[in-house]
1. Cα gyration tensor of region A:125-190, axes a ≥ b ≥ c as square roots of the eigenvalues: rounded (a/c below 1.5), prolate (a/b > b/c) or oblate?
2. For a test of the definition: using alpha carbon positions, the gyration tensor, and the 1.5 limit on a/c, classify region A:1-114 as rounded, prolate or oblate.
3. What FRET efficiency, computed as 1/(1 + (r/R0)^6) with R0 = 60 Å and r the Cβ-Cβ distance, is obtained for B:V64 and A:S3, rounded to the nearest 0.05?
4. When the Cα centres of region C:96-146 and region A:133-202 are compared, how far apart do they sit, in Å?
5. Between A:A25 and A:I209, what is the FRET efficiency for a Förster distance of 25 Å, r being their Cβ-Cβ separation, to the nearest 0.05?
6. Two decimals is fine: what's Rg over Rh for chain B, C-alpha atoms, Kirkwood radius as Rh?
7. When Cβ neighbours within 10 Å are restricted to other protein chains, what is their mean count per residue of peptide A:158-166?
8. Compute the relative contact order of chain A as a whole-number percentage, counting only Cα pairs closer than 8 Å that sit 6 or more residues apart in sequence.
Amino acid sequence: MQSRFQQGVDQIARLGRKGCDVMEALGRAGLFLAQSAVGVPSREGWYLWLRQMHFVGVLSLAIVLVSGLFIGMVLALQGYTILVDFGAEQALGQMVALSLLRELAPVVAALLFAGRAGSALTAEIGLMKATEQLTSMEMIGVDPLRRVIAPRLWAGFVALPILTVGFGVVGIWGGYLVGVEWLGVFEGSYWSNMQASVSFVSDVGNGIIKSLVFAVVVTWIAVFQGYDLVPTSEGISRATTRTVVYSSLAVLGLDFVLTAVMFGGL
Amino acid sequence: MKRSKTMEFGVGLFMLAGIVGLVFLGLRVSGLSLSAPSETFRLEANFANIGGLKPRARVTMAGVTVGRVESIDLDTEWYDAKVTLRLDNDLEGQLSQDTTAAILTAGLLGEQYIGLSVGGDPAILEDGDTIRDTQSALVLEELIQQFVSNMASN
Amino acid sequence: MTDVPFIEIEDVHFSRGSHEIFRGINMVIPQGKVTAIMGPSGTGKTTLLKLIGGQLTPDRGRIIVDGQDVHRLSRKALFTLRKRMGMLFQSGALFSDLDVFENVAFPLRVHTDLSDVMIRDLVLLKLEAVGLRGARHLTPAELSGGMARRVALARAIALDPELILYDEPFVGQDPISMGVLVQLIKRLNQALELTSVVVSHDIKETLSIADYLYLLADGQVVAEGTPHTLNANQDPRVSQFVHGEPDGPVPFHYPAETLYRDILGQATATRAG
């Protein structure tokens, strides 16, 4: 009996310790973001940023565009079979555009970005830490937060919204291909219904705001996991997995919150 | 630091593509127009009930889109809906005073839009005039109520 | 010792979690000499270098480098002090996204306003000193371990520091590159009048270049002296290390129950189960 009780106390104590650990990690991550993201870039900083834009942006473009195309096509196909029952297939354009711009483009692009660029960022920074590159940079008198972390953070912040726009455009075009070219929805009503219902500010704009939030969260998680990991091979592989898991969960959770605020009338 | 031209070019292209994509979303998808506002003119119409009409809904004439709903306000003098329409310029000076405006529905569940039909009055609607002859949206509940009361009285 | 001290370590305590690494160590590292810090693996030799470089802060005690208390400096002053230190990491720690030339040029680019031509000349001179002028276009991935360490050495001396910290420079090297590194460290120390601190557990090589040695064990300095006096030291802990005997005060066996009880205990447990 005594030991049962003792076990319960231990469990609660463990929970408390876990909570403290989580709060401490959050605090560290926040401090980390503040220290690395704030500051005026030098001339060289711009170039470092450009290089990271290439790495996280341009190299993620292919996977994002191909996924966008397929998702647009599937949306049109599924939407058509549902809408045609109500004789409302001319609303296809509206359906495709709204689902893409409000939800799918920001969310799916962010998930792909976490898998493609986020994990690579974690692994790269982790490797730099494991091979003492970050320490040696510090010993040379250069702050790795400014030199290594800042350009990667800012590249992520800028690249994901651009990728999201690309995803949306290609998806709408994919919907057009399937809906209009294949299933025979009237082209005029595909576009005009879309134009009548999509608002630039509240649909396109809110979608981009979502993707900006996701960009900050995903890049932050990826870079922090890389910087904070245990510098061994095992540590790197664990941190890479954590990056993908945490950022996917964060994106989906935040998406609900943002949707509730933006479209749910909260 | 060594610079790579192809990489700089790639990033430049990437950002340019982002801007072009945004323009596409603006013009083609959300139907923003770059044309100057002087190419349209404004009419007003009061409806007893607008149903589910929304700003930016289409205004059609014989099925052809000729403009959009600019805004919908409550007219506090008559307690009905004041709808401001923005119509293509080539219709200015063409619509007679007895033009009717009706709120119609595309398909059974589709969006609502305004249909205009021209009358025969020689007097012409000018910019800012009000269309007198309007037909409100059909509200399903009212139709059913009418139907039921007709049945009862018979 | 009559030399001018460059680094003074006074009663430094340091622990990581509950694990005590240093329990009050005192050292004086003279200017212009090669001082070696030796000890078995896991005695915190690398930690000591990080303490000197100001990357870690001791729990107690202080470290004075050229008259300045490292851990009381502002961030800016610390970075200024670090410009006068070079550190050679165990893995070389070359920046993997830069080639050999840019790696050596890195400290010059960030800390000086020299023209590209000047930087080029300086980098080539430093690379010449380590014999790798011809390898300047290679990337770190294309270098062997010994070459990477030599490039790292060229980078460490790029800003002409007054102090160089070597972290295990001989680990995992074949005899040839080991010989090359020994030669380099000796030559650089004489040519540039550097103060060198070598952390190592390779006895033969270290004894051959060091002017003065400290031996660490159990978080304390257990012996110090010139290579000659240390060789003759009769303390069993010292002689075990210096002569590389497998068993002694540092036991061969990780602490455990006696073999007899371990095996017997298991046997009874199996029978009971």
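1. It is prolate, given that a/c is not under 1.5 and a/b is the larger ratio.
2. Numbers: a/c = 3.80, a/b = 1.37, b/c = 2.77.
In terms of gyration-tensor shape, oblate.
3. Working: r = 84 Å, r/R0 = 1.40.
That gives a FRET efficiency of 0.10.
4. Each part's Cα centre sits 39 Å from the other's.
5. Once the sixth-power term is evaluated, E becomes 0.40.
6. Details: Rg = 22.6 Å, Rh = 18.6 Å.
Result: Rg/Rh = 1.22.
7. Working: counts 4, 4, 0, 2, 8, 4, 2, 9, 6.
Mean partner shielding for this stretch: 4.
8. Working: 316 pairs, mean separation 82.2, N = 266.
Answer for chain A is 31 percent.
Every number here is computed from the coordinates shown, using simple stated rules; none is lab data. None of these values were measured; they are calculated from a predicted model. Ideal geometry is used to build each Cβ from the backbone, glycine not excepted, and the neighbour counts take in all protein chains shown.
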